[in-house]
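Here's the structure we're looking at; comments come further down.
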Amino acid sequence: MISPLAYVDPGAKIGKDVTVHPFAYIDKNVEIGDNCTIMPYASILSGTRMGTNNTVHQGAIIGATPQDFKFKGEDTLLLIGNNNTIREKVIINRGTDTSDSTIVGDGNFLLESVHLAHDTHLGSNCVLGNAAKTAGNCIVDDHAILGSGVIVKHGCRVGSWALVKDGCRANKDVPPYIVAAHNPIAYYGVNAFILRKEQKLSEEIIDDIAKAYRQVYQCGTSVENALVRIRETIAIGPEVQSILTFIEQSTKGLIGTTM
């Protein structure tokens, strides 16, 4: 059902069983998949490609022009998957140029006043607390949790199953499976409760993850030497391998280290 009090551009492509409430705004060059709900005063702007079963709440601005001086008016994209909940006053910018896009995966929960800047890649099944924000070109991997007021600086990455506590400022990469806390941001331990409850990891695997991070953060050695020690002393299952790969691919260095 599309309210006659909403504005829907004739060029927008709207799927089946989409509900558009009064005073919502749907721009040209927009695609909205089946069974989505667009609440009053939400704006879906040019370049947005939205999948199915998404709900966009009041005052959200989806596909906003990127806040980037390099943007020259190109027809860039915001790609949103399925089953996302986007709460009030969330802002998601589309990409800066045609070489990349802003991407939101599936099953994410974005609370009030979240901001995803241009060319951010948000994975699936993430939770972003009230007013959590990413700068441009950030990566947030699957199942990550950003607490309220978290800021992820430009180009930084947050690993899968990481929990960044309220108010942190992530100025480097946050590796997978950890809890990050304090300002300056620091390693605060393994995200063991969530790994047991949601990922159903065994105590043995969680212990291997903890041993790996003990080498990185608690043995007083370099990150490079920590990687060598991890390979020599810990069974390399999929989770430990993902830690090694994340660290080796890091371009910003790890929080709480001199890397």
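The values are calculated or read from the model by the stated rules, or taken from the named source; none is laboratory data. Quick caveat, the model's predicted, so the values are computed rather than measured. Neighbour counts are summed over all protein chains in view; Cβ atoms, including those assigned to glycine, are modelled from backbone coordinates with ideal geometry. Heavy atoms of the whole protein, side chains included, go into the accessibility calculation; ligands, DNA and RNA do not. Shrake-Rupley method; radii C 1.70, N 1.55, O 1.52, S 1.80 Å.
Taking Cα atoms only, the orientation of helix 203-217 departs from the longest principal axis of the chain by about 80 degrees.
Take the Cβ atoms of T65 and N183, set R0 to 41 Å, and the FRET efficiency comes out at 0.85.
Its relative contact order, with pairs defined as Cα atoms under 8 Å and 6+ residues apart, puts segment 130-193 at 25 percent.
Specify whether the C-alpha gyration tensor of segment 137-259 places it in the rounded, prolate or oblate class, a ≥ b ≥ c being the square roots of the eigenvalues: rounded for a/c under 1.5, otherwise prolate if a/b is larger than b/c and oblate if not. Since a/c reaches 1.5 but b/c is at least a/b, the shape of segment 137-259 is classed as oblate. Only beta bridges with both residues in segment 137-210 are counted; by DSSP, about 25 percent of them are antiparallel.
Extending 7 Å from Cα along the Cβ direction at T233 and again at T245 yields two label points whose distance is 2.5 nm.
In straight-distance terms, cross-link reach from K211 covers every one of the lysines whose alpha-carbon lies under 27 Å from its own, apart from those fewer than eight places away in the same chain; here that gives K165, K172, K197, K200, K252. Highest-first packing order for the peptide set 196-204, 184-192 is 184-192, 196-204, based on the mean count of other beta carbon atoms within 10 Å.
With both residues required to sit in segment 9-160, DSSP beta bridges show an antiparallel share near 0%.
For the chain, the longest principal axis of the alpha carbon atoms and the long axis of helix 238-249 meet at an angle near 80°. Taking a straight Cα-Cα cut-off under 12 Å and skipping sequence neighbours fewer than 8 places away in the same chain, the aspartates and glutamates within cross-link reach of K133 are E112, D166. Determine the percent antiparallel among the DSSP beta bridges restricted to the chain, to the nearest 5. Beta bridges within the chain, antiparallel portion: roughly 5 percent. Taking Lys and Arg as +1 and Asp and Glu as -1, the other residues whose beta-carbon sits under 14 Å from that of I103 total -2.
Here semi-axes √(5λ) of the Cα gyration tensor in Å was computed from the coordinates, and among (1) 31, 25, 18; (2) 39, 25, 16; (3) 38, 18, 15 the match is (3). Summing Lys and Arg as +1 and Asp and Glu as -1 over all other residues whose Cβ lies under 10 Å from the Cβ of N82 gives a net charge of -2.
Taking the average, over residues, of other Cβ atoms within 10 Å as the packing measure, peptides 13-21, 171-179, 209-217 rank 171-179, 209-217, 13-21 from highest down. When a/c is below 1.5 the answer is rounded, else prolate if a/b is larger than b/c, else oblate, so apply that to segment 24-75 with a ≥ b ≥ c taken from the square roots of the Cα gyration tensor eigenvalues. Prolate, because a/c is 1.5 or more and a/b exceeds b/c.
Backbone N atoms of segment 122-137 closer than 18 Å to the 7 Å Cα→Cβ label point of K200 belong to residues 125. Relative contact order of the chain, taken over Cα pairs closer than 8 Å and 6 or more residues apart, is 9 percent. Each residue was assigned an accessible area with a 1.4 Å probe, and for F193 the value is about 140 Å². For segment 57-205, just say rounded, prolate or oblate: build the C-alpha gyration tensor, square-root its eigenvalues into a ≥ b ≥ c, call rounded for a/c under 1.5, and beyond that prolate if a/b exceeds b/c, oblate if not. Cα axes put segment 57-205 in the prolate bin. Could you tell me how many degrees, from 0 to 90 and to the nearest 10, lie between the Cα long axis of helix 223-233 and the main elongation axis, the longest principal axis, of the Cα atoms of the chain? Between helix and principal axis, roughly 70 degrees. Normalising the average separation of contacting C-alpha pairs (under 8 angstrom, six or more residues apart) by the number of residues puts the relative contact order of segment 79-135 at 35 percent. A Förster radius of 22 Å, combined with the Cβ-Cβ distance separating K153 from D100, puts the computed FRET efficiency at roughly 0.75. Note on T19 and R169: with the Förster distance fixed at 35 Å, the Cβ-Cβ geometry gives a FRET efficiency of about 0.40. Looking only at segment 184-220, which residues have a backbone nitrogen under 16 Å from a spot 7 Å from the Cα of T258 in the C-beta direction? The answer is 216-220, whose backbone nitrogens lie closer than 16 Å to the label point.
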